[in-house]
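Data first, discussion second: the structure below is written as structure tokens.
The values are calculated or read from the model by the stated rules, or taken from the named source; none is laboratory data. Every value quoted in this text rests on a predicted model; they were computed, and no experiment measured them. Neighbour counts run over all protein chains shown; Cβ positions are idealised from the backbone, glycine included. SASA here: full protein model, heavy atoms, side chains in, ligands and nucleic acids out. Shrake-Rupley method; radii C 1.70, N 1.55, O 1.52, S 1.80 Å.
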Amino acid sequence: MRKCIGGVMTAALWASIVQADTTDKSIRPLARPLVDNVQLASADVTVSVRPVLRPITEAHRVSAGGNARFQAWLGAFRARAQAQGILGSTLDRALAGVTYDSDVIKRDRNQAEFSKPIWEYLDSAVSDTRVSNGRAGLAQHQDTLTRIEAQYGVEKEVVTAIWGLETAFGTYRGSDQTIRSLATLAFDGRRSRFFEAQLIAALQIIQAGDVGAANMVGSWAGAMGHTQFMPTSFLEHAVDFDGDGRRDIWSDDPTDALASAAAYLARHGWKQGQPWGVEVRLPQGFDYAQARRDHTLLPSEWAAQGVLTPSGQAIPDHGPAAILLPAGGRGVALMIFDNFKVIEKYNGADAYVIGIGHLSDRLAGGAPFQTGWPRGDRVLSFAERKELQRRLTQAGFDTKGIDGRTGPNTINAVRAFQVAQGLVPDGYPTLSLLERMR
Ligand SMILES: [Ca+2]
């Protein structure tokens, strides 16, 4: 069994990211998490879920019969790579002995849907162990992180939190040969275009001399180094912070990787001093229809409605903010700022962003969330979410499709149903809501 890596992210989260990639947000996230390591296995979470229908492709079948077809594909790929400026000598070096990796495809196909709620994800993402390891990392790399913060304007606790979730502070950086993984995934039919572009980018990195082919290792899905950059993100955003002439995110020294993560956030608009989000307490009679990403007010305007910290303080005016209820009206309520969207550029799953944000707060000495989670609830299965969508649509609350994904249309339909039923219209689909519709 291959060694695993990863932050606390799971197959389901990965699947949701892949989904995001193929829809509205293109190839943005540089983090390609995965995770099966035992230590973090309990972190499975489903945030936005998608159907996991994974066709068995020709490429998949190749695994049993050797890799002749893969080798033929590699031959044709060489020509395409050379047309894009990859030298024959680079290809000789990087592709020598590369074989099809059936394990990678197995992992790609096994991204089964997990139905774990956000609080279980956060239990692991912001566990006491991770907080204490993070504080140790902060102390150990204090000087470097301070210089990175000064240069890029990203707080050292935020950079450290990314490091903590991506690779448990460098502990699980992955040992899969990146070229082999990417070539296998590019040969495979499921997302060939995306992975061939990543493979070309990986070859450009090798050609530029940032890392030797043998040392270019990472996750099975091609994410590399301490902060799990995909090759295209590396090319665009990685930096040589220690000044040795190479952008080295693979070595034991995390300097370049940490600075690269900060550079990435800075490039996407990180505002130093602005919170990612702040826990709030909603007043009695709060109009839950306001709890949506596209409705922003200044904290002072929220305060005028009684939206305050759990201890009753008004939140300073850091900029426009939305109210996010990651587990509906019975869980933690957050006031989120533009920096939330910046972390989303790293990985678009709400649970991930909240995990990064909350871990960074804890590393800075902040308190755990004051509000509890509805831990008695279980997350709806894929089949149950489809059933809910079907029943809502039949009842006149159109979800604009029955795909098992809880997107804005489904949330709006849930809200409308809740309003009609005199329930708290938090838009959050629960089992009891489904049962009510049956
Ligand atoms: Ca360097």
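For (1) open to solvent by less than 30 Å² (accessible area, probe 1.4 Å); (2) within 16 Å of the ligand (Cβ to nearest atom); (3) among the charged types (D, E, K, R), each residue gets a yes or a no:
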position: F234; (1), (2), (3): yes, yes, no
position: G245; (1), (2), (3): no, yes, no
position: A259; (1), (2), (3): yes, yes, no
position: R267; (1), (2), (3): no, no, yes
position: K271; (1), (2), (3): no, no, yes
position: D287; (1), (2), (3): no, no, yes
position: A291; (1), (2), (3): yes, no, no
position: G306; (1), (2), (3): yes, no, no
position: P316; (1), (2), (3): no, no, no
- When you look at S300, is it free of Cβ contacts under 8 Å to residues at least 24 places away in the same chain, open to solvent by 10 Å² or more (accessible area, probe 1.4 Å) and away from the ligand (no atom under 13 Å from the Cβ), yes or no? yes
- Note on the structure: Apart from one, (1) of a type in the set (S, T, Y); (2) in a loop (DSSP other than H, G, I, E, B); (3) open to solvent by less than 10 Å² (accessible area, probe 1.4 Å) all hold for Y121; the odd one out is (2)
- Query: Are any of the residues in the range 55-74 modelled with pLDDT under 95, under 22 Å from the mean Cα position of the chain (by Cα) and open to solvent by less than 70 Å² (accessible area, probe 1.4 Å)?
  - Reply: no
- Query: Hey, among the residues in the range 362-390 that are assigned to a helix (DSSP H, G or I) and of a type in the set (K, R), which one's nearest to G164 (Cα to Cα)?
  - Reply: R362
- Note on the structure: Exception for W250 within (1) within 14 Å of the ligand (Cβ to nearest atom); (2) of a type outside the set (D, E); (3) open to solvent by less than 10 Å² (accessible area, probe 1.4 Å) falls at (3)
- Query: Looking at the range 126-184, which of the residues that are more than 13 Å from P254 (Cβ to Cβ), among the aliphatic types (A, V, I, L, M) and not in a helix (DSSP H, G or I) is farthest from the chain's Cα centre (by Cα)?
  - Reply: V154
- Among the residues of the range 91-116, how many are in a loop (DSSP other than H, G, I, E, B), surrounded by 15 or more Cβ atoms within 10 Å (Cβ to Cβ) and at pLDDT 90 or above? 3
- Query: Taking the range 397-428 as the search range and keeping residues that are out of contact with any Leu (no Cβ under 6 Å at 6 or more places or on another chain), assigned to a loop (DSSP other than H, G, I, E, B) and among the hydroxyl-bearing types (S, T, Y), which one is nearest to H295 (Cα to Cα)?
  - Reply: Y428
- Task: Quickly run through the range 208-219 and pick out the residues that are within 14 Å of the ligand (Cβ to nearest atom), among the aliphatic types (A, V, I, L, M) and in a loop (DSSP other than H, G, I, E, B).
- Result: V211
- Filter pass, L282 being more than 11 Å from the ligand (Cβ to nearest atom), farther than 30 Å from A333 by Cα and out of contact with any Asp or Glu (no Cβ under 9 Å at 6 or more places or on another chain): no
- Query: Can you pull out the strands (runs of 3 or more DSSP E) entirely within the range 322-361 that have at least 3 residues that are touching a residue at least 40 places away in the same chain (Cβ under 8 Å), open to solvent by less than 10 Å² (accessible area, probe 1.4 Å) and farther than 24 Å from P231 by Cα?
  - Reply: 333-336
- Task: State which residue pairs qualify: first residue closer than 9 Å to T227 by Cα and inside the range 243-257, second residue near the ligand (Cβ under 8 Å from one of its atoms) and in a loop (DSSP other than H, G, I, E, B) in any location, beta carbons under 7 Å apart, and separation of 6 or more residues or different chains.
- Result: none
- Query: So V379 clears everything in (1) under 24 Å from the mean Cα position of the chain (by Cα); (2) of a type in the set (A, V, I, L, M); (3) over 24 Å from D123 (Cα atoms) except one condition, right? Which one?
  - Reply: (3)
- Among V419, V379, which is the only one that is of a type outside the set (D, E, K, R), at pLDDT below 95 and open to solvent by 60 Å² or more (accessible area, probe 1.4 Å)? V419
- Query: Given the conditions (1) surrounded by 15 or more Cβ atoms within 10 Å (Cβ to Cβ); (2) in contact (Cβ under 8 Å) with a residue 24 or more places away in the chain, which single one is not true for G312?
  - Reply: (1)
- Exactly one of Q305, Q272 is under 28 Å from Q418 (Cβ atoms) and not aromatic (F, W, Y), and that residue is Q305
